[in-house]
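Written out below as structure tokens is the structure these notes cover.
The values are calculated or read from the model by the stated rules, or taken from the named source; none is laboratory data. What you see is a predicted model, and the numbers here were worked out from it, not measured in a lab. Cβ: placed from backbone, ideal geometry, glycine included. Neighbour counts: every protein chain shown. Each accessible area value is taken on the protein alone, full model and side chains, heavy atoms only, with ligands, DNA and RNA left out. Shrake-Rupley method; radii C 1.70, N 1.55, O 1.52, S 1.80 Å.
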Amino acid sequence: SHPDFPSRTVFDVFQEERPLLIKVSEPFDGYGSRQATVTPTLLVHYDNNAYSVDCTAKGRSVEIHAYADHLRLLLDGRVVGEHRRSFKKHDTVVDVRHYIPVLERKPGAVRNGIPFQDENLPSGLARARLALERHSDGMRQLATILLQAPRYGLSRVAEACDSVLAHGPMSADRVLT
């Protein structure tokens with residue numbers, strides 16, 4: 001029932017008002033906007049959660065467009081991150097692609113960095129990480145593999161890892177050939 005007219009339904013009242021509504025001439029891009037500064041770990045905080053952005057935004061101010069189901073993060077009008085919105089509290093949502101360029105300077109980041117943990121990697125890369133952990137230089141090899149993602153795409157690199165694992169031992173050399 002309608003809160004103001006208990007003998008009528010909300011739908012009935014809406015149907016009566018519908019002809020009086022103004023027609024929308026173009027789609028409405030409904031989002032809330034806020035500015036935030038990117039942390040040294042490439043995170044932006046919004047609504048008690050943290051979301052990753054591209055490494056080019058480190059230390060800069062980005063604009064957050066918060067939609068009902070996702071966030072779009074912009075630096076000077078350019079999208080530097082897009083994530084499904086988390087409604088948990090104190091959640092960290094990362095896209096491993098944002099951190100790959102860091103590996104050129106700090107390949108050791110692959111060992112303990114949150115973005116490079118299994119839950120943040122496509123399955124082929126997570127399986128490659130597990131196989132490479134047995135090698136003394138395994139994390140350096142994984143960094144070498146991940147550095148191919150900007151050129152070939154993360155999904156193709158993960159597929160290459162799956163293919164190598166299906167046909168023998170894992171190594172960066174085998175993935176790159």
- request: Search region 108-136 for residues being part of a loop (DSSP other than H, G, I, E, B) and open to solvent by less than 30 Å² (accessible area, probe 1.4 Å), and hand back the single one that is modelled with the lowest pLDDT.
  value: G113
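In this structure, does T177 turn out to be in contact with a helix residue (DSSP H, G or I) (Cβ under 8 Å, 6 or more places away or on another chain), farther than 28 Å from T37 by Cβ, β-branched (V, I, T) and open to solvent by 30 Å² or more (accessible area, probe 1.4 Å)? Break it down stepwise before answering.
Details: in contact with a helix residue (DSSP H, G or I) (Cβ under 8 Å, 6 or more places away or on another chain): no; farther than 28 Å from T37 by Cβ: yes; β-branched (V, I, T): yes; open to solvent by 30 Å² or more (accessible area, probe 1.4 Å): yes.
Considered against the rule, which asks whether it is in contact with a helix residue (DSSP H, G or I) (Cβ under 8 Å, 6 or more places away or on another chain), farther than 28 Å from T37 by Cβ, β-branched (V, I, T) and open to solvent by 30 Å² or more (accessible area, probe 1.4 Å), T177 comes out as no.
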message: Pull out all pairs, ordered by first then second residue, where Cβ-Cβ is under 6 Å, the residues are six or more apart or on different chains, the first lies in region 135-150 and is within 16 Å of L121 (Cβ to Cβ), and the second is part of a helix (DSSP H, G or I) and open to solvent by 30 Å² or more (accessible area, probe 1.4 Å).
response: M139/R111
task: Working carefully through the options S86, S33, S61, find the one that is hydroxyl-bearing (S, T, Y), modelled with pLDDT of 95 or more and within 16 Å of the chain's Cα centre (by Cα).
output: S86
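Kindly indicate whether R97 is within 26 Å of N48 (Cα to Cα), touching a residue at least 12 places away in the same chain (Cβ under 8 Å), part of a helix (DSSP H, G or I) and open to solvent by 90 Å² or more (accessible area, probe 1.4 Å).
Here the answer is yes, as R97 does meet what is asked.
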statement: Filtering region 36-59 down to residues that are touching a helix residue (DSSP H, G or I) at 6+ places or on another chain (Cβ under 7 Å), open to solvent by 30 Å² or more (accessible area, probe 1.4 Å) and part of a loop (DSSP other than H, G, I, E, B) yields D54
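Return the total of residues in region 146-157 being open to solvent by 30 Å² or more (accessible area, probe 1.4 Å) and in a loop (DSSP other than H, G, I, E, B).
The total comes to 2.
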Matching option when the condition is in contact with an Asp or Glu (Cβ under 9 Å, 6 or more places away or on another chain), among the small types (G, A, S), surrounded by 17 or more Cβ atoms within 10 Å (Cβ to Cβ) and part of a helix (DSSP H, G or I), among A160, A143: A143
- request: Filter region 22-35 down to the residues that are charged (D, E, K, R) and either outside any strand (DSSP E or B) or in contact with a His (Cβ under 6 Å, 6 or more places away or on another chain) (or both), then identify the one that is farthest from A66 (Cα to Cα).
  value: K23
field: First in region 67-78 and at negative phi, second anywhere and assigned to a loop (DSSP other than H, G, I, E, B) and aromatic (F, W, Y), Cβ under 8 Å, 6 or more apart
entry: Y67/Y31; R72/Y31
